[in-house]
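What follows is a single structure, written as structure tokens, with notes after it.
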Number of protein chains: 2
Amino acid sequence: MGGPTGDDLVEMLAALANPIRLRIVATLASRRDYVSQLAREIGVSRPLLHMHLRRLEAAGLITGRLELSDDGKAMKYYEVTDFDLHLTASAVAEAAQTLTMPDSGKGPAPKEST
Amino acid sequence: MGGPTGDDLVEMLAALANPIRLRIVATLASRRDYVSQLAREIGVSRPLLHMHLRRLEAAGLITGRLELSDDGKAMKYYEVTDFDLHLTASAVAEAAQTLTMPDSGKGPAPKEST
DNA sequence: TTCACGTGTCATCTTTTTCTTACACGTGAA
DNA sequence: TTCACGTGTAAGAAAAAGATGACACGTGAA
């Protein structure tokens, strides 16, 4: 039972549930890369890539750090983390127990009269 | 390398990346259930639950079949499938190769002049 | 018939994601 | 200075997802 909490799991799954972000992780899996170069390889604009990178980093799937190149430019390099998610029905059932519910459970069940 | 295709993976992940749907899978993991009862237990309206169930079934994570109860009512019972997703950076990298791209790769890379 | 319970769908509204365009800043080289 | 390349962010349009309410249909029991 070392899995992530329900909320964290949802965030990780949501982060991976997108073609572009899947591609970002796939690209970074082979070698780390900096933002502009990554944008060119994947074929998306930098602002868009920036947004996707933030989502992936917030979910803990990648990490980025700013470095200075030889010619003095500030480059932000990203790389993947060693995430390892094993998804089965029982794993999901366990994580779901730690889900932060909006308010259900205390509120009255949705009325369904005619 | 028996994993799902990139598109299928995205669909499965998107299906699980939601608190309510996570709860549905968790509930069905212990015992199968029919729609109205499930809606009461989870605390959502039937139309909403119906939509989430469709998404989960489309992703292949649950299956439903219509049965007739003793008192002649048509009940739709759902249960979880034996899905087993192992998510690592390399697994993602492999699945990403079979992603159906909108059009990138052929289209001109996003211009970024000025 | 009317009620309670089961099924499903459609139209609509609200919220969130996704994406583009435009801007700002910094550095090294021509 | 101007250009090329790197960084980041903010505003707004477009698209998708989430959620609700009102329907319609069927059956058994009061």
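No value in this document is a laboratory result; all are computed from the given coordinates. Only a predicted model underlies this, so the values are computations on that prediction, with no experimental measurement involved. Cβ sites come from the backbone with ideal geometry, for glycine too, and all protein chains shown count toward neighbours.
Binning the C-alpha pair distances of region A:1-43 at 10 Å intervals from 0 yields a P(r) profile of 25, 40, 27, 8, 0 %, listed from the shortest bin outward.
Check each of the trypsin sites (Lys or Arg not before Pro) in region B:1-97 and keep only those in coil by DSSP with at most 13 other C-beta atoms within 10 angstrom; list them in order.
B:ARG31, B:LYS73
Listing A:ASP7, B:ASP82 from fewest to most neighbouring C-beta atoms within 10 Å gives B:ASP82, A:ASP7. A straight line joining the Cα centroids of region A:34-62 and region B:44-87 runs 36 Å.
The equivalent ellipsoid that matches the C-alpha gyration tensor of region B:6-96 spans semi-axes of 28, 13, 11 angstrom, in descending order. Summarised in one figure, the compactness ratio Rg/Rh of the protein assembly as shown, Cα atoms and Kirkwood Rh, is 1.06. A label point on A:GLY2, set 7 Å along the Cα-to-Cβ line, lies at 2.6 nm from each of its counterparts in the other copies, closest listed first.
To the nearest 500 deg cm²/dmol, what mean residue ellipticity at 222 nm is calculated for chain B from DSSP H runs of n ≥ 4 alone, each contributing -39,500 (n - 2.57), summed and divided by the residues?
Numbers: 5 runs with 52 residues, N = 114.
It lands at -13500 deg cm²/dmol.
Its Cα centre serving as origin, region A:6-96 has a Cβ charge dipole (Lys and Arg +1, Asp and Glu -1) of approximately 480 debye. Distances, shortest first, from the label point of A:THR63 to those at the same position in the other copies read 4.3 nm; the point lies 7 Å along Cα to C-beta. Each label point was placed 7 Å from the Cα along the Cα-to-Cβ direction; for A:ARG40 and A:THR81 their separation is 3.0 nm.
Here the relative contact order of chain B, from alpha carbon pairs under 8 Å that lie six or more residues apart, stands at 33 percent.
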